[in-house]
Structures are given as structure tokens and as C-alpha cells.
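Heads up: the structure comes next, in C-alpha cells.
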Amino acid sequence: MKKILGITVLAAFIGGAAAIGGYKLFERNQTGNTISEKQNLYFANNPLKVTSAGATDFTQAAAAVAPGVVHIKTTYAASGGSQGSSSPFDMMEDFFGGGGRQMQRQPRAASGSGVIISQDGYIVTNNHVVENAEKVEVVLTDRRKVEAKVIGRDPNTDLALIKVNATDLPVVKMGNSDNVQVGEWVLAVGFPLDLQTTVTAGIVSAKNRSIGIIGREQQGNEITEEEYREYQRTGKRPERPANTSIESFIQTDAAINPGNSGGALVNANGELVGINSAIASQSGYNQGYGFAIPVNLARKIVDDFMKYGSVKRGYIGVNFIPLSADEKPKGVNTAEVSGLYVNDVVAGGGAAAAGIKSGDIIKKVDGLVINDSPDLQERIGRLNPGDKVKLGVLRDGSLKDITVTLKGEASVGLTANNAASKTAEVSKLGATFTPATPAQKSKLGINSGVVVTSVTTGKAFDNIGVEKGLIITKVNGQPVNSVADVQKALPQTRNGMVYMSGVTGQGAFNFSFPAQ
């Protein structure tokens, strides 16, 4: 009997030791290669004790989230402009926070917000908060200042991932933005107007919102009536940059101001549902609505940065026209008022391989109804090359499911290469340009124009506050449609000054600066 008891005790001891050892081994192996793994491990040991039941009270959610939202301060290389002068582009200051482009005492500095998403220092924020910064500094909740390294930036979604060398940081739990409902209470947490941690409340007023603020120099895949008629006449597909910008914002009336950029939009359970990115306002301050990037899209972007160092995107390979009740372009013969009308299929792309044809109307993606381009873009934006997506396609009056295997950038390489070959730098201005597309000219009512695709810190355009995405129509009175036109017109100065005309969605403008 004693022998049996001894064997039983020994077996129990060995089993317990094995269980503990196995758990420790599992724990070591689960440090996490992706944000999702890191979050699952962290919150398995640190459950979020927040409830939204009962009366409207956000104290628990605010207390849970605020420690994990940080203040990001950036500094930039000194630029040459006179102190105290104002930029001719003040009127076009971005919706975004961060101090705009107005000339300031040197060196220039700006600020925004960020959200800690892992205990070991990964922080998600907006691309525009850290873009071109010489130094990125994070102020933690306990007032410690830690320099951050930029892991990756994605201008196409306005997201960035940075990392600080710190451990045991408070983490904001990622939620599921697909579950967000219009009318649901949400909190915006960040550092607006250079204030300390600030929490505001509002409701979700819309989803899948596109406001045209990301990639303004990209026209995207939407084809104008003029281009469609030309395509029908010649059979030649319009040349344009590949549609890589993604806008499918969560819209909220929670107060968001400059400096909130990169901060958290959370639900009443204290779960992150969006990254605050922009405001729609006549003054540039809270007067209207705020817009946040869905967290399900952000999760894919940061995981790609951690795995690959860059974002891996999958493409369907179609050009389309969003349908509405408005008068449709000639050649689009359908009574449908919603969905995406496929007017061109990219040769060698995923859609072509799956059998999608011009004239098809995309009505669903993975069973979800598609009404406009943001509905599709955000869904596809979460996927990788090689992933499969089921599209509900209306053809000849009947709806059929077509499974498309997404392809990588090479599948739209012709378009991308064409765009790249037309982009060149003008060193005197410290900027690169690409010709404005016919669609952009038609939309803005102009006959000429080149789009500013990048601005070099410390050079002429940067010094006077010219932003990427602006369209220059004339240089020294000469219409410009290419980089060669710009270079040819530059020497034709008057009184040692360079004169330029341009246009934005807000209207036309003129400006000048000393020739170098």
C-alpha cells in the first residue's frame, strides 16, 4: 500500500512539475511575433475589468485606457525662412494635428499622440505624426521621456509603428472594429493642443467614410466619364498610379483637435476600435467630426511591419466606378444604384484569373454588402498577396460568387512603373513631381498641372511650407504638365523671384519666393 501511495505521489509530483515546466516553456515561446499574439498573452494574464452595463459612465474605460496613450513629440531639421513670417500655405493647413507647416522658430517641433499596443514598447500612431522627423520622443504616463525608433510608416493608411526601449508598459486592448455600431458611445483619448491626457466622449456617427485626405496626389482607381469615353474609343486603359491609399474611417462627434492624431478611439468597454487621424472643420479645430482608422486595418499594418519590415498588400486587379442614383457615365448601362461597376480588368491580375469581366458589378465582399469604394478598400487592405476573397458579382441580372486570389504589387506593376517613370526631382525646389491625371484636372477645372509627390526638408518648397499633394499649374506664368516643363520655366524669373500658381480642393492660389 505504501509503495502504491509513494508511486502515486511521485507521479503527481512529476505531472505537476511537467505542467509547470510546460507552461513556462509555452510562456517563453509566446513572447509573440505579432501584435495579436502579444496582446493575447498580455490580456490572458491581465484581464480587462471594464463593464459598460447600466448608466452611461466612462470612468472605468478612461482609467483603463489613459495610461496606455502617450504623448509623441517630434523635432525636424531647421529650415531657412525668416522667423515670425507666415507661410502662404497657412490656408491649407492639414486637418491633422502637429502644428501644421507655418514657419516657426528653429528647429521646428510638433506633437501628436500614440497608443501602446505591447508591453515591450510597440506604439501605433499616425504616419503624419512622425513623417520626416529627425527625432521622435515619447512622453510616458509617468512623465518619463524615451526616444523612439520608427519601425515602419505607411502613407497609404496614415499609420506608423514606433518602438521605445522600455518594458512592463501599460497596454491598450485591441477590440474589433467590425463590431462598432453607428450610435455607439466612444471615447477619444490623446494630447490635443499640447495639453496633458484628455478624454472626450461622443458617438459613432458613420462608418466606412472617405474624405479624400490620404494620398491626395493619387487619383485611385475611380475612372471619370471623360476617361471612360476615351477608353471606349481607343481601348487603351488610362495610365494612373495604382490605387494604394485606403480610406474607410470611423466617423465620430467626440471632440478631436490638433494633437489628438495617433491617439485612441475606444468603446465603452475600454477596447481600442480606431486610431484618431483627422478632423473635418472649417477652422482646423473641433467644429465638426473626427475620423479614426479602424483597428482591424491597423492590426494588419503593424503586424506586417513586425514580420516583414514593410506592408504586404494584395490587389484584386480591377478599375471601377462607384454606382449611385446620380446620372451615370455614358456606357454604364445598369439600373443599379449601389456597388462597384467594373469598367476594366487588369491583365494578369487576380480578377482576370478568376474570370471577372468588364461590366460586372461587385455587390459583396466575403458576404458583406458593398455600397461604395471604402467598403471594399478596407476589407482588401487587411489581406495579403495569396489570400482568397469571395466577391458577390452581379452579371446579366444574376448574382454569383467568384473567388479571387489576391496578387502582389507586381500584378499592377505596369501602372506603378508608368507612374514611377514620370516622377522626377527638381533639385532647385527640393521636391519631386508627377503629372496630374486627366481625372484630377477635370475634377479641379484646370488644363495643366503637376502634383508635388515629396518635399525635401530644408529646401525651397519646405521653407515656404509647400505640402506634398498640392498641384502646381503654372511656373513663372508658363503652364506645366511635366517635370521638364517645370525645369524649363524655372529660369524665366522676374526681379529674382519665382512665381507659381496652384490649386487645391479649397481653390486657386498664387505665391512667389526668391530664386536660388
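Each value in this text was obtained by applying a stated rule to the coordinates, not by laboratory testing. Because the structure is a prediction, the values reported are computed rather than measured. Because the Cβ atoms are built from the backbone with ideal geometry, glycine has one as well, and the counts that use them run over all protein chains shown.
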Which length gain, in nm to one decimal place, applies between residue 358 and residue 488 when the Cα-Cα distance is subtracted from 0.36 nm times their residue separation?
-> 42.7 nm
Tell me the chymotrypsin sites (Phe, Trp or Tyr not before Pro) within region 297-346 that lie in a loop according to DSSP and have at most 15 other beta-carbon atoms within 10 Å.
-> none
Once the other residues with Cβ under 9 Å from the Cβ of residue 250 are scored (Lys, Arg +1; Asp, Glu -1), what is the net sum?
-> +2
Ranked output for segments 118-126, 387-395 by mean other Cβ atoms within 10 Å, highest leading, reads 118-126, 387-395
Could you give me the ³J(HN,Hα) list for region 466-482, computed from phi with Karplus coefficients 6.51, -1.76, 1.60 and θ = phi - 60°, whole Hz, x at Gly and Pro?
-> 5, 9, 4, x, 6, 10, 9, 9, 9, 10, 6, x, 9, x, 10, 10, 7
Cα-only Rg/Rh for region 440-481 with Kirkwood Rh rounds to 1.01
Hey, with R₀ at 51 Å, roughly what FRET efficiency would residue 333 and residue 43 work out to, going by the Cβ-Cβ distance, to 0.05?
-> 0.45
